[in-house]
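K.L.:
I have a structure I would like to understand better, so I am pasting it below and will then ask my questions one at a time.
The values are calculated or read from the model by the stated rules, or taken from the named source; none is laboratory data. A quick note: this is a predicted structure, and the numbers were derived from the prediction, not measured. Counting neighbours? That spans all protein chains shown, and the Cβs are built from the backbone with ideal geometry, glycine included.
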Amino acid sequence: MATIEISCAEVWREISNYLDGEISPEMRERMEAHFKVCAHCKAVLDGTRNVVGLVGDGRLFQMPEGFNKRLYKKIQGLP
Amino acid sequence: MFPQSQLRDNEAELIRSVRDGEREAFYELVHPYERMVYATAISVVKNPADAEEVAQEAVLKAFSNLATFRAESKFSTWLLQITYNEARMKLRKVRSHLYEAIDDSQPSEDADYWPKDFADWRPIPSELFERDEVRRAIQNATNSLSRTYREVFVLRDVQNLSTKETATILGISEGAVKIRLLRARLQMRDTLAPGIDGSWVNGQEYRKARPW
(Lines give C-alpha, C1' and ligand atoms only; values in the text may rest on other atoms or scores of the structure.)
Protein backbone atom coordinates (compact mmCIF):
# COMPACT_ATOMS: atom_id res chain seq x y z
CA MET A 1 0.00 0.00 0.00
CA ALA A 2 1.29 3.45 -0.89
CA THR A 3 2.26 5.80 1.92
CA ILE A 4 -0.38 8.45 2.48
CA GLU A 5 1.06 11.90 1.89
CA ILE A 6 1.32 14.36 4.70
CA SER A 7 1.41 18.17 4.70
CA CYS A 8 4.26 20.33 6.04
CA ALA A 9 2.00 21.65 8.82
CA GLU A 10 1.24 18.10 9.94
CA VAL A 11 4.94 17.26 9.90
CA TRP A 12 5.78 20.25 12.14
CA ARG A 13 3.07 19.28 14.57
CA GLU A 14 4.68 15.87 15.01
CA ILE A 15 8.34 16.77 14.63
CA SER A 16 9.03 16.78 18.35
CA ASN A 17 7.34 13.43 18.87
CA TYR A 18 9.27 12.12 15.88
CA LEU A 19 12.58 13.12 17.48
CA ASP A 20 11.52 11.44 20.71
CA GLY A 21 10.42 8.28 18.90
CA GLU A 22 6.91 8.74 20.23
CA ILE A 23 4.88 8.26 17.07
CA SER A 24 3.24 5.28 15.39
CA PRO A 25 5.18 3.33 12.77
CA GLU A 26 2.74 4.55 10.07
CA MET A 27 3.28 8.18 10.99
CA ARG A 28 7.04 7.65 11.05
CA GLU A 29 6.89 6.18 7.58
CA ARG A 30 4.78 9.07 6.26
CA MET A 31 7.11 11.63 7.78
CA GLU A 32 10.22 9.92 6.44
CA ALA A 33 8.71 9.86 2.98
CA HIS A 34 8.01 13.58 3.35
CA PHE A 35 11.56 14.41 4.53
CA LYS A 36 12.95 12.74 1.42
CA VAL A 37 11.12 15.13 -0.87
CA CYS A 38 10.79 18.28 1.28
CA ALA A 39 14.11 20.00 1.96
CA HIS A 40 12.41 22.60 4.12
CA CYS A 41 10.93 20.16 6.57
CA LYS A 42 14.20 18.25 6.57
CA ALA A 43 15.97 21.50 7.56
CA VAL A 44 13.48 22.08 10.36
CA LEU A 45 14.03 18.51 11.54
CA ASP A 46 17.84 18.78 11.45
CA GLY A 47 17.79 22.17 13.13
CA THR A 48 15.49 21.02 15.88
CA ARG A 49 17.60 17.92 16.41
CA ASN A 50 20.69 20.13 16.67
CA VAL A 51 19.04 22.30 19.31
CA VAL A 52 18.12 19.26 21.39
CA GLY A 53 21.64 17.87 20.96
CA LEU A 54 23.30 21.14 21.91
CA VAL A 55 21.44 21.83 25.13
CA GLY A 56 21.20 18.24 26.32
CA ASP A 57 24.57 17.86 27.96
CA GLY A 58 23.58 19.66 31.16
CA ARG A 59 26.13 22.45 30.85
CA LEU A 60 23.73 25.17 29.81
CA PHE A 61 23.34 26.58 33.29
CA GLN A 62 26.61 26.96 35.14
CA MET A 63 26.19 26.72 38.87
CA PRO A 64 27.29 29.89 40.65
CA GLU A 65 30.73 29.53 42.17
CA GLY A 66 30.61 28.48 45.80
CA PHE A 67 27.05 27.17 45.55
CA ASN A 68 27.95 23.85 47.18
CA LYS A 69 29.81 25.43 50.05
CA ARG A 70 26.99 27.82 50.81
CA LEU A 71 24.44 25.02 50.65
CA TYR A 72 26.54 22.78 52.88
CA LYS A 73 26.81 25.57 55.41
CA LYS A 74 23.08 26.15 55.41
CA ILE A 75 22.37 22.46 55.96
CA GLN A 76 24.83 22.46 58.86
CA GLY A 77 23.10 25.49 60.28
CA LEU A 78 19.62 23.95 60.31
CA PRO A 79 18.03 23.54 63.71
CA MET B 1 10.74 0.55 54.53
CA PHE B 2 9.88 1.57 50.99
CA PRO B 3 7.74 -1.03 49.22
CA GLN B 4 7.59 -0.50 45.43
CA SER B 5 10.40 1.92 45.87
CA GLN B 6 11.55 4.16 43.02
CA LEU B 7 14.68 5.01 44.91
CA ARG B 8 18.18 4.55 43.63
CA ASP B 9 20.24 1.90 45.40
CA ASN B 10 21.75 3.90 48.20
CA GLU B 11 19.03 6.51 48.59
CA ALA B 12 16.80 4.51 50.92
CA GLU B 13 19.78 3.98 53.19
CA LEU B 14 20.76 7.65 53.10
CA ILE B 15 17.19 8.69 53.91
CA ARG B 16 17.17 6.30 56.86
CA SER B 17 20.42 7.83 58.09
CA VAL B 18 19.02 11.35 57.80
CA ARG B 19 15.95 10.33 59.74
CA ASP B 20 18.29 8.93 62.38
CA GLY B 21 19.83 12.36 62.66
CA GLU B 22 22.85 12.15 60.37
CA ARG B 23 22.96 15.45 58.58
CA GLU B 24 25.96 14.54 56.44
CA ALA B 25 23.85 11.85 54.82
CA PHE B 26 21.39 14.45 53.62
CA TYR B 27 24.13 16.35 51.88
CA GLU B 28 25.18 13.13 50.18
CA LEU B 29 21.58 12.48 49.19
CA VAL B 30 20.99 15.82 47.49
CA HIS B 31 24.47 16.40 46.09
CA PRO B 32 23.88 14.49 42.81
CA TYR B 33 20.83 16.65 42.10
CA GLU B 34 22.18 20.10 42.88
CA ARG B 35 22.61 21.04 39.25
CA MET B 36 19.09 19.87 38.41
CA VAL B 37 17.65 21.81 41.30
CA TYR B 38 19.48 24.94 40.19
CA ALA B 39 18.48 24.54 36.52
CA THR B 40 14.84 23.98 37.47
CA ALA B 41 14.90 27.11 39.61
CA ILE B 42 16.50 29.27 36.93
CA SER B 43 14.03 28.05 34.30
CA VAL B 44 11.33 29.78 36.33
CA VAL B 45 13.02 32.82 37.85
CA LYS B 46 15.67 33.45 35.14
CA ASN B 47 18.01 35.41 37.39
CA PRO B 48 21.03 33.49 38.79
CA ALA B 49 20.90 35.10 42.25
CA ASP B 50 17.19 34.34 42.67
CA ALA B 51 17.76 30.85 41.30
CA GLU B 52 20.42 30.13 43.92
CA GLU B 53 18.16 31.38 46.68
CA VAL B 54 15.28 29.25 45.43
CA ALA B 55 17.51 26.19 44.99
CA GLN B 56 18.88 26.43 48.50
CA GLU B 57 15.48 27.07 50.05
CA ALA B 58 14.13 24.04 48.18
CA VAL B 59 16.89 21.79 49.49
CA LEU B 60 16.34 23.00 53.05
CA LYS B 61 12.61 22.43 52.67
CA ALA B 62 13.26 18.92 51.42
CA PHE B 63 15.32 18.31 54.55
CA SER B 64 12.56 19.55 56.85
CA ASN B 65 9.91 17.55 55.01
CA LEU B 66 11.83 14.36 54.44
CA ALA B 67 9.49 12.52 56.80
CA THR B 68 6.65 13.08 54.32
CA PHE B 69 8.54 11.56 51.39
CA ARG B 70 6.99 8.19 50.57
CA ALA B 71 9.18 6.96 47.72
CA GLU B 72 6.23 6.46 45.42
CA SER B 73 8.07 8.80 43.10
CA LYS B 74 11.78 9.16 42.55
CA PHE B 75 13.57 11.25 45.14
CA SER B 76 14.73 13.58 42.35
CA THR B 77 11.15 14.13 41.13
CA TRP B 78 10.02 14.97 44.65
CA LEU B 79 12.95 17.34 45.15
CA LEU B 80 12.31 19.09 41.83
CA GLN B 81 8.61 19.43 42.62
CA ILE B 82 9.55 21.27 45.79
CA THR B 83 12.01 23.38 43.79
CA TYR B 84 9.42 24.27 41.18
CA ASN B 85 6.91 25.31 43.83
CA GLU B 86 9.52 27.42 45.61
CA ALA B 87 10.43 29.08 42.33
CA ARG B 88 6.80 29.89 41.56
CA MET B 89 6.41 31.39 45.02
CA LYS B 90 9.53 33.47 44.52
CA LEU B 91 8.20 34.71 41.21
CA ARG B 92 4.93 35.77 42.81
CA LYS B 93 6.81 37.59 45.56
CA VAL B 94 8.99 39.43 43.07
CA ARG B 95 5.98 40.34 40.98
CA SER B 96 3.95 41.61 43.88
CA HIS B 97 6.41 44.51 43.99
CA LEU B 98 5.79 45.38 40.39
CA TYR B 99 2.80 47.05 38.85
CA GLU B 100 3.13 45.10 35.71
CA ALA B 101 3.54 41.37 35.53
CA ILE B 102 6.61 40.39 33.57
CA ASP B 103 6.85 37.41 31.27
CA ASP B 104 3.37 36.21 32.05
CA SER B 105 2.29 35.72 28.52
CA GLN B 106 0.51 32.40 28.32
CA PRO B 107 0.73 31.59 24.66
CA SER B 108 -2.18 29.85 23.06
CA GLU B 109 -1.55 26.17 22.64
CA ASP B 110 -4.24 25.59 20.06
CA ALA B 111 -2.87 27.36 17.05
CA ASP B 112 -0.17 25.73 14.96
CA TYR B 113 3.34 27.08 15.19
CA TRP B 114 4.99 27.87 11.87
CA PRO B 115 8.76 27.67 11.75
CA LYS B 116 10.15 30.93 10.45
CA ASP B 117 12.58 29.93 7.77
CA PHE B 118 14.17 26.86 6.40
CA ALA B 119 17.84 27.28 5.73
CA ASP B 120 19.58 23.97 5.66
CA TRP B 121 21.20 22.85 8.88
CA ARG B 122 24.06 20.43 8.95
CA PRO B 123 24.84 18.37 11.99
CA ILE B 124 26.92 20.55 14.23
CA PRO B 125 30.00 19.59 16.22
CA SER B 126 29.35 19.25 19.93
CA GLU B 127 32.54 21.25 20.69
CA LEU B 128 30.52 24.25 19.59
CA PHE B 129 29.04 24.36 23.04
CA GLU B 130 32.47 25.06 24.53
CA ARG B 131 32.44 28.53 23.03
CA ASP B 132 31.18 31.26 25.36
CA GLU B 133 29.52 33.09 22.52
CA VAL B 134 27.52 30.01 21.60
CA ARG B 135 26.58 29.18 25.16
CA ARG B 136 25.43 32.76 25.75
CA ALA B 137 23.33 32.70 22.59
CA ILE B 138 21.67 29.46 23.70
CA GLN B 139 21.02 30.92 27.15
CA ASN B 140 19.51 34.04 25.61
CA ALA B 141 17.35 31.96 23.30
CA THR B 142 16.18 29.89 26.27
CA ASN B 143 15.39 33.04 28.23
CA SER B 144 13.42 34.45 25.33
CA LEU B 145 10.95 31.55 25.50
CA SER B 146 7.81 32.28 27.45
CA ARG B 147 7.98 30.80 30.93
CA THR B 148 5.62 27.89 30.35
CA TYR B 149 7.67 26.73 27.36
CA ARG B 150 11.00 27.38 29.06
CA GLU B 151 10.12 25.26 32.10
CA VAL B 152 9.23 22.29 29.93
CA PHE B 153 12.23 22.77 27.65
CA VAL B 154 14.68 22.91 30.56
CA LEU B 155 13.27 19.82 32.27
CA ARG B 156 12.92 17.73 29.12
CA ASP B 157 15.81 18.77 26.87
CA VAL B 158 18.38 20.36 29.17
CA GLN B 159 17.94 17.89 32.02
CA ASN B 160 16.72 14.95 29.97
CA LEU B 161 13.81 14.10 32.24
CA SER B 162 10.99 11.97 30.85
CA THR B 163 7.66 13.39 29.74
CA LYS B 164 6.06 11.75 32.76
CA GLU B 165 8.52 13.17 35.29
CA THR B 166 8.21 16.62 33.72
CA ALA B 167 4.41 16.44 33.92
CA THR B 168 4.58 15.41 37.59
CA ILE B 169 7.00 18.18 38.54
CA LEU B 170 5.04 20.91 36.74
CA GLY B 171 1.63 19.54 37.70
CA ILE B 172 0.40 19.42 34.09
CA SER B 173 -0.69 16.62 31.74
CA GLU B 174 1.76 14.68 29.60
CA GLY B 175 -0.08 16.00 26.54
CA ALA B 176 0.58 19.57 27.64
CA VAL B 177 4.26 18.73 28.15
CA LYS B 178 4.48 17.46 24.56
CA ILE B 179 2.74 20.47 23.03
CA ARG B 180 4.85 22.96 24.97
CA LEU B 181 8.03 21.07 24.16
CA LEU B 182 7.25 21.14 20.45
CA ARG B 183 6.72 24.92 20.53
CA ALA B 184 9.82 25.47 22.60
CA ARG B 185 12.01 23.39 20.31
CA LEU B 186 10.75 25.06 17.14
CA GLN B 187 11.20 28.52 18.62
CA MET B 188 14.70 27.65 19.78
CA ARG B 189 15.53 26.48 16.27
CA ASP B 190 14.18 29.70 14.78
CA THR B 191 16.22 31.82 17.16
CA LEU B 192 19.46 29.89 16.84
CA ALA B 193 19.38 29.16 13.12
CA PRO B 194 21.47 32.19 12.09
CA GLY B 195 24.32 31.17 14.38
CA ILE B 196 24.25 27.45 14.01
CA ASP B 197 23.72 27.46 10.30
CA GLY B 198 25.94 30.41 9.58
CA SER B 199 28.61 32.26 11.47
CA TRP B 200 29.38 29.73 14.23
CA VAL B 201 30.10 26.84 11.96
CA ASN B 202 31.44 28.17 8.66
CA GLY B 203 32.12 31.83 9.40
CA GLN B 204 29.67 32.86 6.74
CA GLU B 205 26.60 34.94 7.01
CA TYR B 206 23.34 33.09 7.35
CA ARG B 207 21.33 32.96 4.17
CA LYS B 208 17.66 32.51 4.67
CA ALA B 209 15.98 30.13 2.35
CA ARG B 210 12.28 30.58 2.34
CA PRO B 211 10.19 28.28 0.21
CA TRP B 212 7.70 31.02 -0.69
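K.L.:
When you check A:GLU26 against the structure, is it within 19 Å of B:ILE179 (Cα to Cα), at pLDDT 90 or above and more than 15 Å from the chain's Cα centre (by Cα), yes or no?
P.N.:
Criteria not met by A:GLU26.
K.L.:
Can you tell which of B:VAL45, B:VAL54, B:VAL18 is more than 8 Å from every other protein chain (Cβ to nearest Cβ), of a type in the set (A, V, I, L, M) and farther than 25 Å from B:LEU155 by Cα?
P.N.:
Being more than 8 Å from every other protein chain (Cβ to nearest Cβ), of a type in the set (A, V, I, L, M) and farther than 25 Å from B:LEU155 by Cα holds for just one of B:VAL45, B:VAL54, B:VAL18, which is B:VAL18.
K.L.:
List the pairs whose first member sits in the stretch B:81-110 and is outside the structural domain of B:ARG70 (by TED's automatic domain parsing) and of a type in the set (Lys, Arg), whose second member is part of a helix (DSSP H, G or I) and modelled with pLDDT under 60, and whose Cβ atoms are under 8 Å apart, counting only residues at least 6 apart or on separate chains?
P.N.:
Nothing qualifies.
K.L.:
Give me the helices (runs of 4 or more DSSP H) completely within the stretch B:1-96, filtered to those with at least 1 residues that are under 18 Å from A:GLY66 (Cβ atoms) and of a type in the set (S, T, N, Q), ordered by residue number.
P.N.:
In the stretch B:1-96, B:48-64 are the helices (runs of 4 or more DSSP H) which contain 1 or more residues that are under 18 Å from A:GLY66 (Cβ atoms) and of a type in the set (S, T, N, Q).
K.L.:
Which of the following residues is at pLDDT below 95, within 11 Å of another protein chain (Cβ to nearest Cβ) and touching a helix residue (DSSP H, G or I) at 6+ places or on another chain (Cβ under 6 Å): A:GLY58, A:GLY77, A:GLY47?
P.N.:
A:GLY47
K.L.:
Just give me the residues in the stretch B:57-76 being β-branched (Val, Ile, Thr) and either buried (at least 18 other Cβ atoms within 10 Å of the Cβ) or at the interface with chain A (Cβ under 9 Å from one of its Cβ atoms) (or both), in sequence order.
P.N.:
Listed by number, the list holds a single entry, B:VAL59.
K.L.:
Name the residue that is nearest to B:ALA55 (Cα to Cα), counting only residues in the stretch A:23-34 that are surrounded by 14 or more Cβ atoms within 10 Å (Cβ to Cβ) and without any contact (Cβ under 8 Å) to a residue 12 or more places away in the chain.
P.N.:
Top of the filtered list is A:ILE23.
K.L.:
Looking only at helices (runs of 4 or more DSSP H) that fall completely inside the stretch B:115-212, which ones have 2 or more residues that are surrounded by 23 or more Cβ atoms within 10 Å (Cβ to Cβ), facing chain A (nearest Cβ under 10 Å) and at pLDDT 95 or above?
P.N.:
Per the criteria, B:174-193.
K.L.:
Let me ask something else. If we keep just the residues of the stretch A:29-44 that are within 26 Å of B:VAL158 (Cβ to Cβ) and within 7 Å of chain B (Cβ to nearest Cβ), which is modelled with the highest pLDDT?
P.N.:
Once the filter is applied, the top-ranked residue is A:VAL44.
K.L.:
A further question on this structure: Could you please give the count of residues in the stretch A:41-59 that are touching a residue at least 24 places away in the same chain (Cβ under 8 Å) and surrounded by 19 or more Cβ atoms within 10 Å (Cβ to Cβ)? Walk me through how you get there before you give the answer.
P.N.:
Step one: of the stretch A:41-59, the residues touching a residue at least 24 places away in the same chain (Cβ under 8 Å) are A:41, A:44-45, A:48-49, A:52.
Retained after the next criterion (residues that are surrounded by 19 or more Cβ atoms within 10 Å (Cβ to Cβ)): A:41, A:44-45, A:48, A:52.
The number of residues fulfilling the criteria is 5.
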